[in-house]
Amino acid sequence: MTDVAAAIQDAWTELRIHRGRVLMSLIGVTVAIAALTASVAVGELARSTLLVSMEASGGRPATVTMYVTPASTDAPSAEQHLAALGAIDAAVERYRVEYASARTSASLTIGGQGMGVQVEGVDPDFAVMRHLGVADGRFLVESDRARLAPAVVVNRGVLDALGGGGMDAHRTVELGGTTAVVVGVVDRGLGDDWPQAWMLPTDVVRVADAAGQAGMISGMQLEAWVPESMADDGVRMLSQDIRSALPGSSVDGNRQDWQAFEGYDPLLPLQLTLVGTAVVILLLGALGLITVAVVSIRQRVRELGIRRAFGASRSRIFVAVMLESVVGTVVAGATGIAICIFAYRLPVVQETLTQGIGGVVLPGFPMGAAVTGLLVSAAVGAIAGSIPATIAVRSKVIEAIRF
């Protein structure tokens, strides 16, 4: 450890002595590492955004879905819908599925304007399974089942249809002739221009039945988030239980999340693009550093010869010269990363990355990108420094002193 520390100290001393020469070469490295870090950071943000988008539409891996079709060929009654819900709840409780949600929907009128709104019947776990967050208030909870007036979560489109304003201006809303209590507001930006609402499945059935539209309710579904290794068994066991509880009904199941499609990786093009960009950036930065390092080592032949004459070994010279590049590139990389983090926090950059969509909050700067930048800067320094270090140790002592 003492030798390593001494070598690093020697490298830092050389950088300070030759800081004018080193500065110009490290500016290119700083820009290259900053560009690489920014590329990796944007890639990670895009990857996480794409994953959240896919999981919001198809569920988290592994999400299995059961489709329940009543035995009757006529429009299902409210009793049949409630029976299907009972069978679904019993199956979920039996297998102790941690995250599961029954799901149905109905088109109901909103307010006294006769405007239609799509109301989804979901359980509280649906928000976690589908990344559905609220901008104001809260999502549905288990205690809402005991309410006399049904609880409802609406989106911004519903509030706009009612004349605008926030949740404070619309504590209740009339859906299908039934007064519901607004407990939360969803605002996903451009995706919430059209009116949409969420209620507990039993409340959807009762509200639609009171409005005389029980037959217009969509078929009951069960979405269950299970371990990926148990996806196939989960489909089989859940469908068997629901089918046995509803004689004559048809129950079909499959896996819906994006990882269910074998051989399809929507993130592969993004990853390949980022890898290609990183390779080009690193090549440009490394070539500039190698050029300056080789030229500078030719100017230091006499200095290195004198150090050899005073007993410095070949390995010590090699490590010292190489570490000059490593220490320099690490400092340059840290500077580039700091520039990226500072730029990422600027309001104009945040607005550009979110495309001005309201309610979207970017996460913190990805630490993986910063770590990658530091590791790559050290690797570039080691590779770029090995070439002039090799030239330095191959010089003969007598010729070096006479140079």
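Bear in mind these aren't lab numbers, they're just calculated from the coordinates by the rules spelled out. This is a predicted model, so every value here is computed, not measured. Neighbour counts are summed over all protein chains in view; Cβ atoms, including those assigned to glycine, are modelled from backbone coordinates with ideal geometry.
Summary of computed values
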{"read-out": "Cut-off under 5 Å, modelled amide H: who pairs with G121 long-range", "value": "T104, S105, A106, M199"}
{"read-out": "Trypsin sites (Lys or Arg not before Pro) restricted to DSSP loop in the range 124-184 with at most 12 other C-beta within 10 Å", "value": "R171"}
{"read-out": "Extension gain from I339 to D252, taking 0.36 nm per residue of separation minus the Cα-Cα distance", "value": "25.9 nm"}
{"read-out": "5 angstrom amide H check on G253, placed H, neighbours 5+ away", "value": "Y67"}
{"read-out": "In nm, spacing of pseudo-spin labels at A382 and M216 (7 Å Cα→C-beta vector)", "value": "6.8 nm"}
{"read-out": "Karplus 3J(HN,Hα) series, Hz, for the range 200-208 with 6.51 cos²θ - 1.76 cosθ + 1.60 (x for Gly, Pro)", "value": "5, x, 5, 5, 4, 4, 5, 5, 5"}
{"read-out": "In order through the range 138-146: 3J(HN,Hα) via Karplus (6.51 cos²θ - 1.76 cosθ + 1.60), integer Hz, x for Gly, Pro", "value": "8, 8, 4, 10, 4, 5, 5, 5, 8"}
{"read-out": "Sorted largest first, extent of the range 91-136 alpha carbons per principal axis (Å)", "value": "44, 26, 12"}
{"read-out": "Gap separating the Cα centres of the range 39-77 and the range 169-218, nearest whole Å", "value": "21 Å"}
{"read-out": "Using a Förster distance of 25 Å, the FRET efficiency for T109-D233 (Cβ separation, nearest 0.05)", "value": "0.05"}
{"read-out": "Dipole magnitude (debye, nearest 20) for the range 60-256, charges at Cβ of Lys, Arg, Asp, Glu", "value": "60 debye"}
{"read-out": "Rounded if a/c under 1.5, otherwise prolate or oblate - the range 113-241, Cα gyration tensor axes", "value": "prolate"}
{"read-out": "DSSP beta bridge pairing in the range 101-245, given as percent antiparallel to the nearest 5", "value": "70 percent"}
{"read-out": "D (Stokes-Einstein, µm²/s), Kirkwood Cα radius, the range 42-169, 1.002 mPa s at 20 °C", "value": "123 µm²/s"}
